[in-house]
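What follows is a short report on a single structure.
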Amino acid sequence: MRSGALAAMEAQPDLSTFENKSGLAEDMKFLASMPELCDVTFLVGDTREPVCAVKAVLAARSRVFQKMLYQAPSPQRKKEPGPRENKLRLFLKRSSEPLLNLQNAAQQRSSFAQQLAPIQEPSAQQHQTLIIEEFEPDVFRQLIEYIHTGCVTLQPRTLLGVMNAADYYGLDELRRACAGFVQCCITVDTVCALLASAERYIQYKCTKSLVQKVLEFVDEHGNEVLNLGSFTLLPQHVVRLILARDELRADEFTKFQAALMWGKKFCDTNQNTSLKDVIGNFLEYIQFHRIPANVLMREVHPLGLVPYSIIMNALAYQADPASVDPGKLSPARIRRAGRSMSVQSSMDPYGSNTTLSSTGSSDVPSSDSRHN
């Protein structure tokens, strides 16, 4: 019985593991927030906002940063000295031999001290300063925080930037976390912010999947999204893209109101722009014959923004569909060279492409959009 108790005691481990990851994360966050404790400063974005970090931590967590910060430049081949250069070097060596003999004695006396004291690099070489133009300051700051602490707070406003930055710097676990957060962060209140951020990171491959999910959500909640105040903050070609989608579940009068709301906001910041010219960029995407006649005459026609011919064709179609050529129900689509939101990435090995574009999109209305 006694031997069994001894065996049980011997089987129990004689060690205990204690973890304090939260404390470590706080200390590392403090470390990254103190410039005097860091040895690299990134000047980020167009405003060149400084973001400090510790090179060893970055290199340990990201192979991309390791190559960026520690990879030595390729050695250059030494040029063989010419005959005249060899003669000059030999002359200088002979003429300096007496002086070198005097210096050798002093060097031998201090050799022991030199072995104890390592050679220090100049202070200018100890701290690096790099420029980062690919990402916004808030996005890059969150990335650096995650690298140092292992945790970061994901937000819809910076989600797409953080996801692309994580992919760019080889942080696969952060990229997967961002992709998982996409499903729960797409709401009516966040779709416009996500689309606006997609404009900034459209060249990266992670943008493709997120934008597709956002547009599918917009299709399902068309009327709600078009009535948002943040809808007026989207670029013109994104507004045209949304209004042109066949899958968009929104009534035609709501689409007209959204275009009108966006146009008024645009004219507020561009005083010399005609509202009629701005609205003319969106008329081709609105099927006025599906707006009730009383709404057309009471809400749309008095504004003087829609050509009279369009109103009359819509009313005639509602009275007798056979009396109007279907091609005249909406203004003729003017094919212009348009701006394209392309999700194609040069880093995508499969060459997959999802193009988000609208015909003739331009952030400045032109006189060509006026319909008679």
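For the criterion of being closer than 30 Å to ILE147 by Cβ, over 22 Å from the mean Cα position of the chain (by Cα), open to solvent by less than 80 Å² (accessible area, probe 1.4 Å) and modelled with pLDDT of 55 or more, LEU69 passes. When the residues of segment 200-218 are filtered to those that are part of a helix (DSSP H, G or I) and of a type in the set (Ser, Thr, Tyr), the one that is most open to solvent (accessible area, probe 1.4 Å) is SER209.
Here segment 282-317 is the region considered, the condition is being part of a loop (DSSP other than H, G, I, E, B) and under 27 Å from HIS237 (Cα atoms), and the residue that is nearest to the chain's Cα centre (by Cα) is PHE282. Anything in segment 219-261 that is among the aliphatic types (A, V, I, L, M) and surrounded by fewer than 16 Cβ atoms within 10 Å (Cβ to Cβ)? List them, or say none. Hit for segment 219-261 is LEU233, nothing else.
Among the residues of segment 328-338, is any small (Gly, Ala, Ser), modelled with pLDDT of 90 or more and surrounded by 14 or more Cβ atoms within 10 Å (Cβ to Cβ)? Taking every residue of segment 328-338 in turn, none turns out to be small (Gly, Ala, Ser), modelled with pLDDT of 90 or more and surrounded by 14 or more Cβ atoms within 10 Å (Cβ to Cβ).
Results for (1) touching a residue at least 24 places away in the same chain (Cβ under 8 Å); (2) among the aromatic types (Phe, Trp, Tyr); (3) within 18 Å of GLU136 (Cα to Cα), shown as yes or no for each residue.
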{"position": "PHE30", "(1), (2), (3)": "no, yes, no"}
{"position": "ASP39", "(1), (2), (3)": "yes, no, no"}
{"position": "GLU49", "(1), (2), (3)": "yes, no, yes"}
{"position": "VAL57", "(1), (2), (3)": "yes, no, no"}
{"position": "ARG63", "(1), (2), (3)": "yes, no, no"}
{"position": "LYS67", "(1), (2), (3)": "no, no, no"}
{"position": "GLN71", "(1), (2), (3)": "no, no, no"}
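Filtered by the rule that a residue be open to solvent by less than 20 Å² (accessible area, probe 1.4 Å) and either without any contact (Cβ under 8 Å) to a residue 12 or more places away in the chain or hydrophobic (A, V, I, L, M, F, W, C) (or both), segment 268-304 gives VAL278, ILE279, PHE282, LEU283, ILE286, PHE288, ILE291, LEU296, VAL300. Taking (1) more than 30 Å from ILE132 (Cβ to Cβ); (2) without any contact (Cβ under 8 Å) to a residue 12 or more places away in the chain in turn, ASP172 satisfies each apart from (1).
For segment 4-26, enumerate the residues that are part of a helix (DSSP H, G or I), at pLDDT 75 or above and open to solvent by 100 Å² or more (accessible area, probe 1.4 Å). Once the filter is applied, which keeps residues that are part of a helix (DSSP H, G or I), at pLDDT 75 or above and open to solvent by 100 Å² or more (accessible area, probe 1.4 Å), segment 4-26 yields LYS21, LEU24, GLU26. Any residue in segment 354-369 that is at pLDDT below 50, in a helix (DSSP H, G or I) and within 16 Å of HIS237 (Cβ to Cβ)? Yes, segment 354-369 has at least one match.
Among the residues of segment 153-186, those identified as in a helix (DSSP H, G or I) and more than 22 Å from PHE65 (Cα to Cα) are PRO156, ARG157, ALA179, GLY180, PHE181, VAL182, GLN183, CYS184, CYS185.
Suppose the filter is open to solvent by 10 Å² or more (accessible area, probe 1.4 Å) and under 20 Å from ASP46 (Cα atoms); does SER197 pass it? Yes; evaluated as a whole, the condition is true for this residue. Any residue in segment 232-249 that is without any contact (Cβ under 8 Å) to a residue 40 or more places away in the chain and either of a type in the set (Phe, Trp, Tyr) or over 30 Å from VAL182 (Cβ atoms) (or both)? No, there is no match, as no residue in segment 232-249 is without any contact (Cβ under 8 Å) to a residue 40 or more places away in the chain and either of a type in the set (Phe, Trp, Tyr) or over 30 Å from VAL182 (Cβ atoms) (or both). Any idea which residue in segment 131-152 is least open to solvent (accessible area, probe 1.4 Å), counting only those that are part of a helix (DSSP H, G or I), touching a residue at least 24 places away in the same chain (Cβ under 8 Å) and of a type in the set (D, E, K, R)? For segment 131-152, the residue satisfying everything is GLU145.
Within segment 230-277, the residues that satisfy the criterion of being over 16 Å from VAL211 (Cβ atoms) and β-branched (Val, Ile, Thr) are THR232, THR254, THR269, THR273.
The values are calculated or read from the model by the stated rules, or taken from the named source; none is laboratory data. Predicted model only: the values in this text are computed from it and were never measured. Here Cβ is always computed from backbone atoms with ideal geometry, including for glycine, and neighbour counts include all displayed protein chains. Surface areas here come from the heavy atoms of the whole protein model, side chains and all, with no ligands, DNA or RNA. Shrake-Rupley method; radii C 1.70, N 1.55, O 1.52, S 1.80 Å.
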